[in-house]
Amino acid sequence: MAFARTCSVALVGVEGVVVEVQADLEPGVATFTLVGLPDKSLTESRDRVRAAVVNSGADWPQKKLTVGLSPAAVPKSGSGFDLAVACAVLGAAERIDPRSIAELMMLGELGLDGRVRPVRGVLPAVLAAADAGYRHVVVAEEAVPEASLVPDVTVLGVRSLRQLIALLNDETIPEETPPEGLPPEETDSGRSPSALALPGHGWTAPGIVRRTEHPLDMADVAGQTTARRALEVAAAGRHHIFFKGPPGAGKTMLAERLPGLLPPLTSQESLEVTAVHSVAGALPPGQPLISRSPYCAPHHSATMASLVGGGSGLPRPGAVSMAHHGVLFLDEAAECSARVLDAMRQPLESGHVVVARASGIMRMPARFLLVLAANPCPCGRHGMKSGACECRPASIRRYRARLSGPLMDRVDLRVHVKPLSRSELAGLHGESESSATIAERVLTARERAADRFAQTPWTANSDVPGHELRTRWPPEPGALNRAEEDMERGLLTARGMDRVLRVAWTVADLAGHDRPTAQDVEWALELRTGIRRGMPAPAATAPVPEKQP
């Protein structure tokens, strides 16, 4: 009996589970059995691995071969186990030293010609391997920048199984010569045929991080003072926002510029966002690390699985997870299925989504900033001065009812966006504030909140429970009088009261106040209810302090 083992990683949601790949050879009829709860694509790897080994110049063992994937209870899918299975088989057959692969984590798909191809989910897989104590990983050469984001791990990038065999046997690395009939692989000029090995540097690795700025600027938005200010409050306190208005008023234009107001992601947030996009196979080309807040805008016909995650087999991340630490924009929200919209209620509260399937329960991150946009009625002309609305009252009620009360109760800011008239456009003078200017104020407000919550688990005003704000960080005496009156009149729920207080703290942070004033609460009420009360907004913001050299 001959035995060898190595390691790979199975993806469960956006988390990796270390899997030991074991190969056992015994005398008997030449068979290849794969055990350990593999799915169809993994079962098909038997043929891929056999062809890759033979086309790499190694002999396939003519014995009874059993490959086990442990733990067997974890569902396993995809082609990322190919490289580990091939090396375990070669180790059991003593084509390579079994000891050389026992402490390696391998992740890669094999082509029939033996070339190693990258797979999705490299970053969470390497993170899982590092947490389990593995310090050397082998991936496809194209996946080296992504794998190198994990610190304290040495990454070995290979182009082919033949190359890896030579490295493990301490032999001369062969020139890449594909089997007869196959075209040579295109390579960059001047690139060495040898394997690429890099130590993991973490997210600050030189040449790996490429900070991409959002090209859309708030300076392009004319007028819309209230909507612009609401967007600033949303960015500063991470509050969800709802834009209602007729077509062409600028709802989409405003929403698209919100990511440019958000602060850059921290190193931990960048890794979380990159891991989600890696699992989904949606990493931007040439950008292994996402350092800016993502923006996701699914179509209003999106299904439940595409929005919250799911699909056949093991669930994939949905739009709510793809927008993790970023912005999720639902345009024409009233056209979305009410069932799909209500499915967002749980992630809006908890910051994660739980998807249950027969294969298991997956927990995926989903802490996003929600932006809803909708017309006032199906035709979009309800309440406009020009153009009569053609919708029946019952049709308008059905249209608006798709945005359920429990969902809207979780939305802190509600803004009516009106189209600018010709005279209003003509009366505008000077340039609007740029996204960079607003982003500085947002960052200052975020820093004020972070200092206030330094010894707590919260980082933004929208995270803090209402009773904590009332007891530990109350507003000025009498500041909540108007809000309490609205609550008695039924205009505000208990949850709505808590959210008004959170928004008031954000307004106070932007204005540089030590705690919310009556004017801050009044402005928060206006943003919460969407009812104009004739009271001016608080002073634009506190001046941004100059940074010390």
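Amide H contacts of LYS76 (H built 1.01 Å from N, in plane; Pro and chain starts excluded): ASP39 sit under 5 Å, all sequence-distant by 5 or more or on other chains.
Listing ASP170, ASP520 from fewest to most neighbouring C-beta atoms within 10 Å gives ASP170, ASP520.
Backbone phi angles across the range 222-227, fed through the Karplus curve with coefficients 6.51, -1.76 and 1.60 (θ = phi - 60°), yield HN-Hα couplings of 8, x, 6, 4, 5, 5 Hz in residue order; Gly and Pro are listed as x.
For the chain, the Cβ-based charge dipole about the Cα centre amounts to some 2180 debye (Lys, Arg positive; Asp, Glu negative; other atoms uncharged). With N as its number of residues, the chain has a Cα radius of gyration that, divided by 2.2 N^0.38 Å, comes to 1.16. Hey, what angle do you get for helix 82-92 against the long axis of the chain, alpha-carbon based, 0 to 90 degrees rounded to 10? Roughly 30 degrees, rounded to the nearest 10. For ILE96, the residues whose modelled amide H falls within less than 5 Å of its own, excluding neighbours fewer than 5 places apart on the same chain, are GLY91. Evaluating 6.51 cos²θ - 1.76 cosθ + 1.60 at θ = phi - 60° for every residue in the range 514-523, the Karplus couplings come out as 5, 7, x, 9, 4, 5, 4, 5, 4, 5 Hz, glycine and proline recorded as x.
Neighbour counts of C-beta atoms inside 10 Å place PHE453, PHE368, PHE242, PHE81 in the sequence PHE453, PHE242, PHE368, PHE81, starting with the fewest. Here the contact order of the chain, divided by its residue count and restricted to Cα pairs under 8 Å and six or more residues apart, works out to 12 percent. The angle between the Cα long axis of helix 122-131 and the main principal axis of the chain comes to about 80°, on a 0 to 90 degree scale.
Let's see if you can work this out: charge +1 on each Lys and Arg Cβ, -1 on each Asp and Glu Cβ, no other charges. What is the dipole magnitude of the range 1-84 about its Cα centre, in debye to the nearest 20? Show your work: numbers first, answer last.
Details: 8 positive and 9 negative charges, 29 e Å.
The dipole of the range 1-84 has a size of about 140 debye.
What the Cα convex hull of the range 223-366 gives, in volume per residue, is 126 Å³.
If a spin label sat at a point 7 angstrom from the Cα of ALA302 along the line to its beta carbon, the backbone N atoms of the range 366-386 nearer than 13 Å would be those of 366-373. Taken one residue at a time, the phi angles of the range 273-289 give Karplus couplings (6.51, -1.76, 1.60, θ = phi - 60°) of 5, 5, 4, 4, 5, 5, 4, 7, x, 10, 5, x, x, x, 10, x, 10 Hz. Gly and Pro are set to x.
Each of LEU110, HIS240, PRO38 was scored by the projection of its Cα onto the charge dipole of the chain, and the greatest displacement toward the positive side belongs to HIS240; charges sit on the C-beta of Lys, Arg, Asp and Glu.
From helices alone, the chain scores -9000 deg cm²/dmol at 222 nm; the rule is -39500 (n - 2.57) for each run of n ≥ 4 DSSP H residues, then divide by the residue total.
Around the amide H of ALA4, modelled in the peptide plane, lie the amide H atoms of ALA23, ALA92, all under 5 Å away and 5 or more residues distant in sequence or on another chain. Inter-label distance, ASP451 to SER70: 5.6 nm, where each label sits 7 Å from its Cα along the C-beta direction.
Report, for the range 218-433, the % of DSSP beta bridges that are antiparallel, rounded to 5.
On the way: 7 of 21 bridges.
Taking every DSSP beta bridge within the range 218-433, about 35 percent pair in antiparallel fashion.
Using Cβ counts within 10 Å as a stand-in for footprinting exposure, how do CYS7, CYS389 rank, fewest first? Don't skip to the end; give the middle numbers.
Details: CYS7 23, CYS389 18.
Going from sparsest to densest Cβ surroundings: CYS389, CYS7.
What order do you get for 22-29, 347-354, 143-150 when each peptide is scored by the mean count of other beta carbon atoms within 10 Å, highest first?
Working: 22-29: 15.0, 347-354: 17.2, 143-150: 25.5.
Final packing ranking: 143-150, 347-354, 22-29.
Computing FRET efficiency as 1/(1 + (r/R0)^6) for ALA219 and ALA132, where r is the C-beta to C-beta distance and R0 is 41 Å, gives about 0.25.
DSSP assigns beta bridges within the chain; of those with both partners inside it, close to 50 percent run antiparallel.
Read-outs: derived from the displayed coordinates by stated rules, not from any lab. Keep in mind it's a predicted model, so treat the numbers as computed, not measured. Note: ideal-geometry Cβ built from the backbone for every residue, glycine included; neighbour counts use all protein chains shown.
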